[in-house]
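**Q** Can you read through this structure? Questions will come right after.
The values are calculated or read from the model by the stated rules, or taken from the named source; none is laboratory data. No experiment lies behind these values; they were computed from the predicted model shown. Positions of Cβ are backbone-derived with ideal geometry, glycine not excepted, and every protein chain shown enters the neighbour counts. Keep in mind that these areas ignore ligands, DNA and RNA; they rest on the heavy atoms of the full protein, side chains included. Shrake-Rupley method; radii C 1.70, N 1.55, O 1.52, S 1.80 Å.
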Amino acid sequence: MVKKSRVVDLEFNPFDLLSEEILFDILDYLDHNPFDKKSFSLVCKDFHTVESRHRRVLKPLRSELLIRAIDRYPSVERLDLSSCPRITDDSLAAISNAYKFCLRSIDLSRSRFFSNAGVSNLVLNCKFLVEIDLSNATELTDSGAVAISKASNLEKLWLARCKLITDIGIARIGIGCRKLKLINLTWCLGVGDLGVDFVAVKCKEIRSFDLSYTTITNKCLPSIMKLQYLEELTLVGCLGIGDEGLATLEKGRTSLKTLNLTNCDNMTPWGLPYLTSRVTCLSHLNLTNGSVVTEAIANSLQNLPKLQSIKLDGCHVTCSGLEAIGNCCILLRELSLSKCSGVTDEGLYFLVKKQKELRKLDITCCRKITQISVDNVTKSCTSLTSLKMESCYLISKEAFTLIGERCHHLEDIDLTDTEVDDAGLMSISRCTKLSSLRLGICYNLTDNSLIQVGKICRELVELDLYRSMGITDLSIAAIASGCPRLEMITLAYCKDITDTSLVSLSKCSRLSVVEIRGCSSISSAGISTIALGCKQLTVLDVKKCHNVDDAGLLPLANFSRSLRQINLSYCSITDVGLLALANIACLQSMTVLHLKGLSADGLVSALLACSGLRKVKLHACFKSLFPQAFLEHMESRGCVFQWRDKPVQDGVDPWVWRHTARMNANVMYLLDEV
């Protein structure tokens, strides 16, 4: 019998059986981790092609990669160029030609070097644009505004800090862009009542209007308030807005839900009642750094039955004012009293006793409150999800156990610079949904409570242990093993932290921000483990880690390809280590102060090689050593130098440091009250 040879089709690819639609559905599930889509595209040529056609959002990390990215991804709808400092008119021309029929949104808020002509070309070619962010385009003039007015389908426009645009340009935008729903004119100093009034009359569909730090006065308020669909109005720092303008408003003519009057210095306590009696649909009100919150002002809030959020940061409040707010606004879900002078236990009691729906409370730097306030808050507001009480250091350590016993829904808590101890933190660890925990300058904590947090709080994403001197490697090991979602950790100036902690943290695959400045026992070996294990690392601060040298930077250069920001001040780095960082294409910000191993020539070579840099902090002594041609070249690439002339800083005893910080804070607090 003759055996028949079996023919095997080596060219057969089982993935060929999957349609493009199915592959698109698979890619839709890969949005959480950017590396997943990259791995998908590397499977085979077909997958590479499918991933290219599927991509709808594109954010190039360097300007020189833009053209290649455009060629690879033909179907982009949202283009974010905020990481590309150098975008020229030629770049905009390439974008408008490639994405003529699909581009709907473009972000140029951090880009420079383009002109009015480039904007005009973009708008004329991309007819389907609905969003343009031109914030910080300080060279844009009214001619550019005229070009923008040709985008008839535009719905959202950001022009923050476009200081050369005047009322004429804004008026042309109002004529041409009738579909605008959001417009941001923050710091447009050439824009006044005439331009704003024109936009308000012509663009009747506006939902969000930001006029912060413009020169508008009371004259344009009536036109703004007649906008039928207006929901959000931001007037931060508008010194021309006062009581007279509020008094002329018509009653019940707006659907306004969010109003921000931060730093409106010419608005007195008499103006708010006018406002609340006319704008009755408000749900969010921000009066930060405003006038004294008295009983009369607080009582005026009873005209706002839908009010859910009040921010009074930096205001002086009275006990009667807080009591009136508590009685008038019983549906509050968010209340911020950060740095408010006048907050006492009595006032806070009257404020919170009826607030059963409160979810977020900020009492940062309310330095007069004691454990009595914690008792009252936790009794009344059992549904809190966010509690911020930084620098409330009159609260005794016994009070913190009440938080864990009564507020089981907490997700975010800030106990920075308080007297919380192990018993208090163990009680708070009962909050299993906790995702953000800030424990900076908490000298009463030890490993015992942090180990408990690691065992129970598995949802933890952010942990701040800045200057918490009782923490060692044991607690960090417990956090690393028990909190798989950890993304940010601060261990700055924790003197007992060593490389062992970094070995533990290297198991946290989602870790993106690591701050370990001042940890003198950290060495290059620990940095190497972080580089190998944490592939999503974007921010690393090793300032004053004197044992970190070139050997630690080499693994970073090879494995931390997502690193964008690094602080190497006071480390033992030389020209060789700094030059190795050029291998990180995403690196955008670098701080290198007081590095004894650096030379001017080596620094020039390293900075030239790091082509994606946008910001560099250097000691001022290097400025005179750099060739002028080099400085001009770096500036033309979009890199900004920040020169510092700080002397070498010696270590400070942590107890002395905290005492000095508190004394300075108390002095400022007393001055504010005066």
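**Q** Please give the FRET efficiency for Lys433 paired with Arg561, using the beta carbon to beta carbon distance and R0 = 25 Å, rounded to the nearest 0.05.
**A** Given R0 = 25 Å and the Cβ-Cβ separation, E is 0.15.
**Q** Would you mind putting 212-222, 634-644 in packing order, based on average other-beta-carbon counts within 10 Å, highest first?
**A** 212-222, 634-644
**Q** Can you give me the % of accessible surface on the chain that is carbon or sulfur? Probe 1.4 Å, all protein chains present, nothing else counted.
**A** Answer for the chain is 53 percent, counting heavy atoms of protein chains only.
**Q** Ranked highest first by average number of other Cβ atoms within 10 Å, how do 174-180, 538-544 line up?
**A** Those peptides, ordered most packed to least, come out 538-544, 174-180.
**Q** I've got another one for you. Of Phe622, Phe209, Phe101, which has the most accessible area with a 1.4 Å probe, and how do the rest follow in descending order?
**A** I get Phe101, Phe622, Phe209, largest accessible area first.
**Q** Just the accessible area per residue of the range 533-627, please: how many Å² with a 1.4 Å probe?
**A** 36 Å²
**Q** Also, I was wondering about something else. Over 27 Å between Cα atoms: which of Lys100/Lys181; Lys360/Lys397; Lys163/Lys388; Lys368/Lys495; Lys339/Lys397 fall into that group?
**A** Going by Cα-Cα distance, Lys163/Lys388; Lys368/Lys495 fall outside the 27 Å limit.
**Q** Related question: At what distance in nm do the modelled label points of Lys507 and Phe128 sit from each other, each positioned 7 Å from its Cα along Cα→Cβ?
**A** With each label placed 7 Å out from Cα toward Cβ, I get 4.9 nm.
**Q** Keeping all protein chains in place, calculate the accessible area per residue for the range 32-92 (probe 1.4 angstrom), answer in Å².
**A** Per residue, the range 32-92 has an accessible area of 53 Å².
**Q** Name the residue from Cys519, Thr258, Val548 whose Cα lies farthest towards the positive end of the charge dipole of the chain, charges +1 on Cβ of Lys and Arg and -1 on Cβ of Asp and Glu.
**A** Checking the options against the dipole of the chain, the answer is Thr258.
**Q** Take the alpha carbon atoms of the range 414-532, find their radius of gyration, then divide it by 2.2 N^0.38 Å using N residues; give the quotient.
**A** It is 0.95.
**Q** Explain nothing, just compute: Karplus ³J(HN,Hα) = 6.51 cos²θ - 1.76 cosθ + 1.60, θ = phi - 60°, for every residue of the range 578-591 in order, whole Hz, x for Gly and Pro.
**A** Running phi through 6.51 cos²θ - 1.76 cosθ + 1.60 with θ = phi - 60° gives 5, 5, 5, 5, 4, 6, 8, 5, 7, 4, 10, 9, 9, 10 Hz.
**Q** How high is the FRET efficiency from Ser223 to Ala600, r the C-beta distance, R0 60 Å, rounded to 0.05?
**A** About 0.55, to the nearest 0.05.
**Q** Within the range 63-97, name every residue whose backbone N is under 20 Å away from a label modeled 7 Å from Cα of His48 along the Cβ vector.
**A** 65-76
**Q** Tell me, what is the per residue accessible area of the range 171-251 in Å², probe radius 1.4 Å?
**A** 41 Å²
**Q** Considering just Cα atoms, how many Å³ per residue does the convex hull of the range 96-214 enclose?
**A** Residue-normalised Cα hull volume stands at 80 Å³.
**Q** Consider the candidate values (i) 23; (ii) 34; (iii) 18; state which one is percent of Cα pairs over 51 Å apart computed from the structure displayed.
**A** This structure yields the entry labelled (iii).
**Q** Using the crude model of +1 on Lys and Arg Cβ and -1 on Asp and Glu Cβ, and no other charge, please compute the dipole size for the chain relative to its Cα centre, in debye to 20.
**A** Charge dipole of the chain: 1340 debye, to the nearest 20.
**Q** Within straight cross-link reach of Lys179, meaning Cα distance under 13 Å, which aspartates and glutamates are found once same-chain residues fewer than 8 apart are removed?
**A** Glu131, Glu155, Glu205
**Q** How high is the FRET efficiency between Val292 and Leu61 when r is their beta carbon distance and R₀ equals 56 Å, given to the nearest 0.05?
**A** Calculated value: 0.70.
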